[in-house]
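The next block holds one structure in the form of structure tokens; read it before the comments.
The values are calculated or read from the model by the stated rules, or taken from the named source; none is laboratory data. A quick note: this is a predicted structure, and the numbers were derived from the prediction, not measured. As a convention, Cβ positions derive from the backbone with ideal geometry for all residues, glycine included, and neighbour counts pool all protein chains shown. Just the protein is used for accessible areas: all its heavy atoms, side chains included, with ligands, DNA and RNA removed. Shrake-Rupley method; radii C 1.70, N 1.55, O 1.52, S 1.80 Å.
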Amino acid sequence: MTNTSFSGETIVALATPAGSGAIAVIRLSGPDAISIVNTVFKGKDLSVQASHTIHFGTIRDGNAIIDEVLVSLFIAPRSYTKENVVEISTHGSPYIIESLIRLLIRQGARAARPGEFTLRAFLNGGMDLSQAEAVADLIASNSKAAHDIAMQQMRGGFSNELRQLREHLIHFASLIELELDFSEEDVEFANRDQLRTLILRINHTVKHLIQSFEQGNALKNGVPVVIAGKPNVGKSTLLNALLNEERAIVSEIAGTTRDTIEDEISINGIVFRFIDTAGIRNTEDIIEAKGVERTLEKMKQASLIIYLFDPDQTMEDIDLQLNGASDLHIPIIGVMNKSDLIVPGKQVELSGQELEFISAKDKEGIERLKETILSKVNLHGISTDSVLVSNIRHVEALQRTQEALDKVVYGIDHPVSSDFLAMDIKQALHYLGEITGTVTTDDLLDNIFSKFCIGK
Ligand code: GDP
């Protein structure tokens, strides 16, 4: 796929899911979209109709009527792809869909490749690259949080800000280029103080965006939560209570949850990926020792640890374990399970540790625990307005931008020749441009759009 290989071609694909449905939408985009449909549509002459109008008629293959349809017209450049776009709403029968697409291909359209409609929208200036990527995220979003981030990014998100900063930087780059032309004369067109201020400003924004990735990624892909605790403390039971179904195996025998199971629940629109793990204890048992190792590994990957205890454990023991886990610098919720077993009147000493009391078996305190989970990860306050980076490609480009910008600052503060300065600025411009797609390669575009579905 190259940027120009399809110019002039009209593409066609099913835009709705495959299979039977009430209706199906077949979409065409390209210069001949309207004339191709016109050859098989019996109703009005589509070539003389206004943009953004809908027309009823039949689609015929020779004398055979394939279907009664509604045809929507979007005349370039007022369409998703900025080309002529026609959407044909048919009855949702796989036979009709296939016959119609074959017919349109016979009339001169070509089957669209994955993401090709959105690729055209990008190449024709309808959206920048980060917005195009957000379209895929939006389609894939399965929680409110993931939806919010994708929607925000699709509507411009951080790309407008980056584009502005990049333009300022281009201005300086050209001044420094000019200095290179006059290198004999030792002139300085680019004011170094102003350049330094600008770089620091860009770096500030870039840093902020990089930092937002952890949150953005968690919201998009789910917040990983580890449930830790000794065998038989009720980890599987708690997971089940949280999931509200019997996913993990609950057993009376200590150490039966040997492997890790992952499951997801949505609390207030945020997806939490619960990782149920083998109990942590010193053991000779080889299989379980592996489980323990994995637990510690998993704990490091988590954004939150729920540390489970039961009334059999002493407060010293609980203290020791909570303090040990706190070395990981991950938010921890200490939870006392089996509260139903606490004998009334028996004093439970809390040595400074805040513990939540629950009974996983009786589903007591689960709602309160969910609230604590939300408050600990501090994500529920995220609004659609906050700019979050959730795409690994973007964060990598931002990190490279930052490295290049640091070099520019170094270059300003030290006796470095203008050509080096110019080179580092160009690097920063390159990486910034990669995010919005000002700078692209065919490989990069292929990589991004091949992950789209056909018809988008
Ligand atoms: P794990 O090894 O930590 O995953 O523990 P399990 O979830 O398999 O639970 C071990 C045992 O404790 C099972 O018999 C559960 O029924 C029991 N259990 C779990 N939660 C509670 C609770 O809140 N109260 C009581 N009384 N028993 C519980």
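Quick look at the values:
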read-out	value
Yes/no for GLY345 being assigned to a loop (DSSP other than H, G, I, E, B), modelled with pLDDT under 85, surrounded by fewer than 17 Cβ atoms within 10 Å (Cβ to Cβ) and more than 16 Å from the ligand (Cβ to nearest atom)	yes
Exclusive hit being crowded, with 22+ Cβ neighbours inside 10 Å, modelled with pLDDT of 85 or more and in contact with a Ser or Thr (Cβ under 6 Å, 6 or more places away or on another chain), set ALA134, ALA146, ALA150	ALA150
Scope the stretch 357-379; condition of a type outside the set (Val, Ile, Thr), surrounded by 15 or more Cβ atoms within 10 Å (Cβ to Cβ) and modelled with pLDDT under 90; matching residues	LEU374, LYS376, LEU379
Identity of the residue in the stretch 354-376, part of a helix (DSSP H, G or I) and among the hydroxyl-bearing types (Ser, Thr, Tyr), that ends up nearest to the ligand (Cβ to nearest atom)	THR372
Residues that are of a type in the set (Gly, Ala, Ser) and open to solvent by 50 Å² or more (accessible area, probe 1.4 Å), drawn from the stretch 424-456	SER450
Looking only at the stretch 216-234, and only at residues there that are outside any helix (DSSP H, G or I) and more than 16 Å from the ligand (Cβ to nearest atom), the one that is surrounded by the most Cβ atoms within 10 Å (Cβ to Cβ)	VAL223
Single condition ARG166 does not satisfy, out of (1) assigned to a helix (DSSP H, G or I); (2) open to solvent by less than 10 Å² (accessible area, probe 1.4 Å)	(2)
Residue in the stretch 322-336 that is crowded, with 19+ Cβ neighbours inside 10 Å, modelled with pLDDT of 80 or more and part of a loop (DSSP other than H, G, I, E, B) present	no
ILE23 being part of a strand (DSSP E or B), farther than 24 Å from LYS456 by Cα, open to solvent by 10 Å² or more (accessible area, probe 1.4 Å) and among the hydrophobic types (A, V, I, L, M, F, W, C)	no
Residue match in the stretch 180-192 (condition: closer than 30 Å to ASP148 by Cβ and either surrounded by 14 or more Cβ atoms within 10 Å (Cβ to Cβ) or in contact with a strand residue (DSSP E or B) (Cβ under 7 Å, 6 or more places away or on another chain) (or both))	no
Some residue of the stretch 274-288 being within 28 Å of ASN323 (Cα to Cα) and at pLDDT 80 or above	yes
Breaking point among (1) buried (at least 18 other Cβ atoms within 10 Å of the Cβ); (2) assigned to a loop (DSSP other than H, G, I, E, B); (3) touching a helix residue (DSSP H, G or I) at 6+ places or on another chain (Cβ under 6 Å), for GLY108	(1)
